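The values are calculated or read from the model by the stated rules, or taken from the named source; none is laboratory data. Just so it is clear, the model here is predicted, and its values are computed rather than measured. A quick note on method: Cβ atoms are made from the backbone with ideal geometry, for glycine too, and the neighbour counts reach across all protein chains shown. With ligands, DNA and RNA removed, areas are computed over all heavy atoms of the protein, side chains included. Shrake-Rupley method; radii C 1.70, N 1.55, O 1.52, S 1.80 Å.
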Amino acid sequence: MATVGPLARIARLGSSICRNHRLSFNRSTQRRGIASCVDPSHGLTDEQKEFQKMAFDFATNEMAPHMSEWDQKEIFPVETMRKAAQLGFGGIYVQPEVGGSGLSRLDTSIIFEALSTGCVSTTAYISIHNMCAWMIDTFGNNEQRERFCPDLCLMDKFASYCLTEPGSGSDAASLLTTAQLKGDHYIVNGSKAFISGGGDTDVYIVMCRTGGKGPKGISCLVVEKGTPGLSFGKKEKKVGWNSQPTRAVIFEDCAVPVINRLGEEGQGFNMAMRGLNGGRINIASCSLGAAHASVQLARDHLLYLQFKLAEMATKLVASRLMVREAATALQENRSDAVSLCSMAKLFATDECFNICNDALQMHGGYGYLKDYAVQQFVRDIRVHQILEGTNEVMRMIISRNLLTES
């Protein structure tokens, strides 16, 4: 069972964290320097404001001072993430009985936006880790949940999501990695591309083909580091997201126990898509954090560009509202949730990148120097328009919904 005190309900988050980790909160404390029109605490409950403040404080004290070093030296900040896990950020929407915080999708979005103001790249990895832990919690049996989730929620172990392949990026249903059943093991062969944390993480959520062509032939396996036949490609050199390693994950006659399959054969594609719906909200929330920080930087740097700042602030608030509405729809399992998640990911990642880019432009030549944080926000969130389904795929999902519903 989990060793972290349960954070079962949002109303209990503040008191539970205080009790378990000896932190205290001041409800009257306000974040300084945030203009009221873009204040991300608007519309939140007192409890949400408390853990939002906790996330902002963690970002300010534990992440922002190291953001540039992590980027330039390509450091995967394991110990910092474990500190975040002690606050409940390792399994934010995982159930409390296996060590999670049990919070909602909206709560999760609030936390990831705040953390991203300190380091987008690190927060983005934390969001992927959370998605993996949620998938085991949601689709695993009790034995699997108890075996994997507590360590993941504490970040004693780290997780990676393995869907994308070299030849099937946007068309995930055509993946080629195979898993053939032999006795009580699956023999896995194939490779996955662009895997965040690949080689440094401990648990891999792998989509593989156990049946015929198409989505119904896909299953989901949990592959543990050290399994014979599991190896990794070279560490990729990236424009951004440098505080998390990215490698190919390679399977060569990799024997995975049948007891590590989540759900039944043929259910993997549905699991992958359900994971990505939340992943799109998470990554859009990371874009919000970068845009929020960039607006603050631009405001502090050049106060006289009032009209451009007004446009940036308006786009930031519109993006935040869309992301939070989509998070609520997903939490409530509404019929429009998939479309709203796609809309939020499309709109927020596009507009927040533009906000960060405008902020860099407002800094002039200084914005292109690595001494100034705004350039790293630009580099780190550019990939958000590509991953969790490219924004072109988001447009396909939205238009398909519009054209097929009566």
Let me make sure I get this right: for region 279-406, a, b and c are the square roots of the gyration tensor eigenvalues over alpha carbons, sorted descending. Under 1.5 in a/c it's rounded, otherwise prolate if a/b > b/c, else oblate. Which is it? prolate
Residue-normalised value, i.e. accessible area per residue, for region 111-187 at 1.4 Å probe, in Å², stands at 31 Å²
If you count only protein heavy atoms with a 1.4 Å probe, what accessible area per residue comes out for region 291-406, rounded to a whole Å²? 51 Å²
Under the rule of at least 5 residues apart or a separate chain, name every residue whose amide H is placed under 5 Å from the amide H of residue 267. 220
Which of the peptides 128-135, 272-279, 251-258 is most tightly packed, and how do the rest follow, judged by the mean count of other Cβ atoms within 10 Å per residue? 128-135, 272-279, 251-258
Projected onto the charge dipole of region 240-355 (+1 at Lys/Arg Cβ, -1 at Asp/Glu Cβ, origin at the Cα centre), which of 312, 257, 277 gives the Cα projection farthest towards the positive end? 312
Under the rule of -39500 (n - 2.57) per DSSP H run of 4 or more residues, summed and divided by the residues of the chain, what mean residue ellipticity at 222 nm is obtained, to the nearest 500 deg cm²/dmol? -15500 deg cm²/dmol
Taking 45 Å as R0, compute the FRET efficiency from the Cβ-Cβ separation of residue 178 and residue 311 and round it to 0.05. 0.35
Using 0.36 nm per residue, how much length does the chain from residue 189 to residue 392 gain when fully extended, once their Cα-Cα distance is taken away? 70.1 nm
When the chain is treated as a GNM, springs tying every alpha-carbon pair under 10 Å, which of 121, 335, 287 comes out with the largest mean-square fluctuation? 335
³J(HN,Hα) across region 390-402 via Karplus (A = 6.51, B = -1.76, C = 1.60, θ = phi - 60°), whole Hz, x for Gly/Pro? 4, 5, 5, 5, 4, 5, 5, 4, 5, 5, 4, 5, 5
Full extension between residue 147 and residue 83 adds, at 0.36 nm per residue less the Cα distance, a length in nm of 20.9 nm
Placing each pseudo-label 7 Å from Cα in the direction of the beta carbon, residue 239 and residue 68 end up separated by a distance in nanometres of 2.2 nm
Measuring from label point to label point, each 7 Å out along Cα→Cβ, what is the residue 60 to residue 273 span in nm? 4.3 nm
Per-residue HN-Hα couplings for region 224-236, Karplus 6.51 cos²θ - 1.76 cosθ + 1.60 at θ = phi - 60°, whole Hz, x for Gly and Pro? 9, 4, x, 5, x, x, 9, 9, 9, x, 5, 6, 6
Return the subset of 49/370; 192/237; 157/238; 83/345 for which the Cα-Cα distance in this structure is over 26 Å, preserving the input order. 49/370; 83/345
Using a Gaussian network for the chain with springs between C-alpha atoms less than 10 Å apart, which of these wobbles most: 44, 340, 387? 44
Find how much the distance from residue 202 to residue 318 grows on full extension, using 0.36 nm per residue of separation minus their present alpha carbon separation; answer in nm with one decimal. 38.0 nm
Taking all protein chains as present, what is the carbon and sulfur share of the accessible area of the chain, in % to the nearest whole number, probe 1.4 Å? 53 percent
Using the beta-carbon distance between residue 361 and residue 264 and R0 = 45 Å, what value does 1/(1 + (r/R0)^6) give for FRET efficiency, to the nearest 0.05? 0.30
Taking Cα pairs under 8 Å and at least six residues apart, what relative contact order does region 307-406 come out at, in percent? 27 percent
Between residue 252 and residue 45, how high is the FRET efficiency from 1/(1 + (r/R0)^6) when r is the Cβ-Cβ distance and R₀ = 41 Å? Nearest 0.05. 0.20
